[in-house]
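This report concerns only the one structure given below.
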Amino acid sequence: MWNGKMKAVTFSYDDGVIQDGRLVDMFNRYGLKCTFNLNSGIQSKANFWYDRMGTKVEHMNVRGLKELYVGHEIAAHTLTHPLLEELDDETIYNEIWQDKCILEDRFGQNIVGMAYPYGTYNDSIIKIARECGIKYARTVEYTEDFILPDEPLKLAATCHHKNTRLMELADKFIGLEPKQPAMFYVWGHSYEFDTYDNWDMMEEFCKKISGRDDIFYGTNAEVLLGVEKV
Ligand SMILES: [Zn+2]
């Protein structure tokens, strides 16, 4: 399936915040590949917010981002991170299409993926995303399983990194000898590692899941769109 392997691991992290630097460094040390979902219209340190624990969350500035994310995939997350279902169709199109075009120019990559802001979507949003050339889009749903999506524009993860079953699922995946292609898909926001002080947990997970001959480590696009290629 993936370079002849039946198992794949991939990651998805949102919002382009300053903690992505530390996370990229960790992924690079373990040979893991991630897709980073960015809002090109608000990619500035001037745009920040406070999460529910009171941690200040800052976007990175644009300069240096292309170099930071080398080796990983960039995907759309809309221009300004709105609740898409509250917008008219033309504005939904604008949010997705502009984000895709700006990111393609900024990163020199073909942008084929997306994560829905706040994870929310409906049939109309899916249709517009498809019109924009988006091939897969991540929700915030999770399966605690390793199945590939029937509809890539309603992509569910295996789990969020804070899922209490993360390590148990990792052990299960490592022991798996699947007949069908199996995907372990983890998502989150890198600022949450500061908020919950659990960088060590993520390091332990990366260490456990990495460096295995029977697992393909790829970006979302490589795993989801490369599945047909043997
Ligand atoms: Zn987001």
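The values are calculated or read from the model by the stated rules, or taken from the named source; none is laboratory data. Predicted model, so just to flag it, every value in this text is computed and none were measured. In this analysis, Cβ positions are derived from the backbone assuming ideal geometry, glycine residues included, and neighbour counts consider all displayed protein chains.
Per-residue answers, yes or no, for (1) of a type outside the set (A, V, I, L, M); (2) farther than 18 Å from LEU225 by Cβ; (3) modelled with pLDDT under 95:
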{"position": "LEU79", "(1), (2), (3)": "no, yes, no"}
{"position": "GLU86", "(1), (2), (3)": "yes, yes, no"}
{"position": "GLU90", "(1), (2), (3)": "yes, yes, no"}
{"position": "TYR93", "(1), (2), (3)": "yes, yes, no"}
{"position": "LYS100", "(1), (2), (3)": "yes, no, no"}
{"position": "ILE126", "(1), (2), (3)": "no, no, no"}
{"position": "ILE134", "(1), (2), (3)": "no, no, no"}
{"position": "ALA137", "(1), (2), (3)": "no, no, no"}
{"position": "THR143", "(1), (2), (3)": "yes, yes, no"}
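Out of the stretch 86-95, which residues are assigned to a helix (DSSP H, G or I) and more than 15 Å from the ligand (Cβ to nearest atom)? Explain how you work it out, then say what you get.
Step one: filter the stretch 86-95 for residues assigned to a helix (DSSP H, G or I), giving 86, 89-95.
Of everything in the stretch 86-95, those that are assigned to a helix (DSSP H, G or I) and more than 15 Å from the ligand (Cβ to nearest atom) turn out to be GLU86, ASP89, GLU90, THR91, ILE92, TYR93, ASN94.
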Open item on the list: Among the residues that make up the stretch 41-56, is at least one of them within 16 Å of the ligand (Cβ to nearest atom) and under 19 Å from VAL112 (Cβ atoms)?
Closed with: no
TODO: Look through the stretch 141-158, keep the residues that are without any contact (Cβ under 8 Å) to a residue 60 or more places away in the chain and out of contact with any Ser or Thr (no Cβ under 8 Å at 6 or more places or on another chain), and return whichever of them is nearest to TYR118 (Cα to Cα).
DONE: GLU141
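I'd like the full set of residues that are part of a helix (DSSP H, G or I) and in contact with a helix residue (DSSP H, G or I) (Cβ under 9 Å, 6 or more places away or on another chain), limited to the stretch 1-58.
Narrowing the stretch 1-58 to residues part of a helix (DSSP H, G or I): 20-30, 40-42.
Scanning the stretch 1-58 gives ASP20, GLY21, ARG22, LEU23, VAL24, MET26, PHE27, ARG29, TYR30, SER40, GLY41.
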Task: Single match in VAL17, VAL62, VAL24 (criterion: in contact with a Leu (Cβ under 8 Å, 6 or more places away or on another chain) and closer than 22 Å to ASN110 by Cα) - done: VAL24
